[in-house]
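Any read-out appearing in this document is the output of simple, stated calculations on the displayed coordinates, not a laboratory observation. This is a predicted model, so every value here is computed, not measured. Cβ coordinates were reconstructed from backbone atoms using ideal geometry, including for glycine residues, and neighbour counts include every protein chain displayed.
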Amino acid sequence: MTDKQKVIVALTSASETCTAALSALVPKNQPDKSEPQTSDLAVILKDLDSLLSLIYNSSTKLALVLKPSSPTYSASLPVIADLAKYTSGIAHCVHLVNPNLHGVTLIKELQYELRAIFEALRAVMQTFLNLAARGPSIARNGSAGEEYLVRIGTLHDLITQARGLDGIPQDNISAIRRRWKQDRVALEDSLREVSEMIDRAEGSEGDGVDDDDDDDDDGWDELGLDDTEAKMDKDELARAKNVQHLSAIFQTVLFKHAICQVHSVLRLTTLLHKRIFLDLLSSAPTPSPPNFALDALIMQSHALFAASDELVSSLYIPQNPAAIRKESLALLDIINGLQLQLRIFFPDTSSLEQQLSRLSIEGDKSASTPGNTTADKKWFDICFEQVTKTSANLVSPSLGVGQKPR
């Protein structure tokens, strides 16, 4: 077997290793009961970072030894073997991350970052396979010969990103903060969209029916009818225009009122979402909630964004009050679920406060610590209450959208 044939076999095997690594990223229905070699997340992520660095360097070597104009097949064999080994090593690192111990959100972020890297590395292998199959003639084709450089550059960019500050998170709470920020941006976009609806509705206020009488084309000819029927006199025409004008104004008021109600709800929920991040997620809470609670919290955040988006979509004309009520109820259910999820951040401190009150010395500042937690909880309680009150007119089955409760 020639060196070129050996390279083709090695590249094929390395490409299959990438495919196997991608399959390893897919969540399994049955949990793996085998004991991992280590549960120290810092050690796992450090090994992962080292392997990514090795893949970066080895892919650079591969581009040099398999340059289409002058490939050195014998020198590429150990490089290809190393890339396959490092890829399997990364898949093993991912296997060591436990969803119960380290967090589901962290694993999802790992899968997201590494999936793109594995796909890019496999594309590199496939590119060099194609180059080897096409032979020396590829060197005369400039654009085709440079394709491998594009593939290598894409791989390098993805590895650099994964190893950077905005790449693979260092723990589950960091992964949750990142996704929480993404949801917050989406919520702010929804709120901005409703604000623009209000601006357009306010701009249309006072724009009644055109009172000019010089419009000779009334549109009846397009329906196959002419103007031979009896026409209104001036008084009848004036009354008709008044009715049409008042109807347009009434519809505009209802339209704007519904949007304003939804805007108030979304403004409160967006503020609530932002405050959760600033007060509860920006710094590590003490004691730290279990990972399953944090993972459930980010799922509520995703659901909040989805429900808000559906509610905004229901506001576009022609509005259906039943649809607006349905989406408002769905949003309120998410808010109620979010309130339950936040309980883990506010444990009952009544007994602790009583103990501190007995032990506190006059002027001791440490006695005020539980009061800060109570104040924060009070803000969230009030915010949830305001959301419920503001949503009442939208979700009440006895009221139409746009009506005021008695």
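For residue 72, the residues 5 or more places off, or on other chains, whose built amide H falls under 5 Å of its own are 66, 67.
Checked against a 18 Å cut-off, the cross-linked pairs 108/274; 181/377; 274/378 give Cα-Cα distances beyond that limit for 108/274; 181/377. Averaging the Cα positions of each part gives two centres, and for the range 173-204 and the range 111-133 these lie 37 Å apart. Computed from the C-beta positions of residue 85 and residue 271, the FRET efficiency with R₀ = 51 Å rounds to 0.50. Full extension of the chain between residue 198 and residue 288 yields a length gain of 28.2 nm, computed as 0.36 nm times the residue separation minus the alpha carbon distance.
Each residue of the range 308-313 was assigned a 3J(HN,Hα) from its phi angle through the Karplus expression (A = 6.51, B = -1.76, C = 1.60, θ = phi - 60°), giving 5, 5, 5, 5, 4, 4 Hz with x at Gly and Pro.
Couplings for the range 114-129, taken from phi via the Karplus curve 6.51 cos²θ - 1.76 cosθ + 1.60 with θ = phi - 60°, read 6, 4, 5, 5, 4, 5, 5, 5, 5, 5, 4, 4, 5, 5, 5, 5 Hz in order; Gly and Pro are left as x.
Just add up the charged neighbours of residue 156: K/R +1, D/E -1, any other residue whose Cβ is under 13 Å from the Cβ of residue 156.
Details: positive: 61, 151, 163; negative: 157.
My count for the surroundings of residue 156 gives +2.
A Förster radius of 22 Å combined with the Cβ-Cβ distance from residue 134 to residue 19 puts the calculated FRET efficiency at roughly 0.45. Placing a label point 7 Å from the Cα of residue 119 along the Cα-to-Cβ direction, the residues of the range 40-61 with a backbone N closer than 20 Å are 52, 56. Kindly state, to the nearest 0.05, the FRET efficiency for residue 47 paired with residue 386, given R0 = 51 Å and r defined as their beta-carbon distance. The pair residue 47/residue 386 has a calculated efficiency of 0.60.
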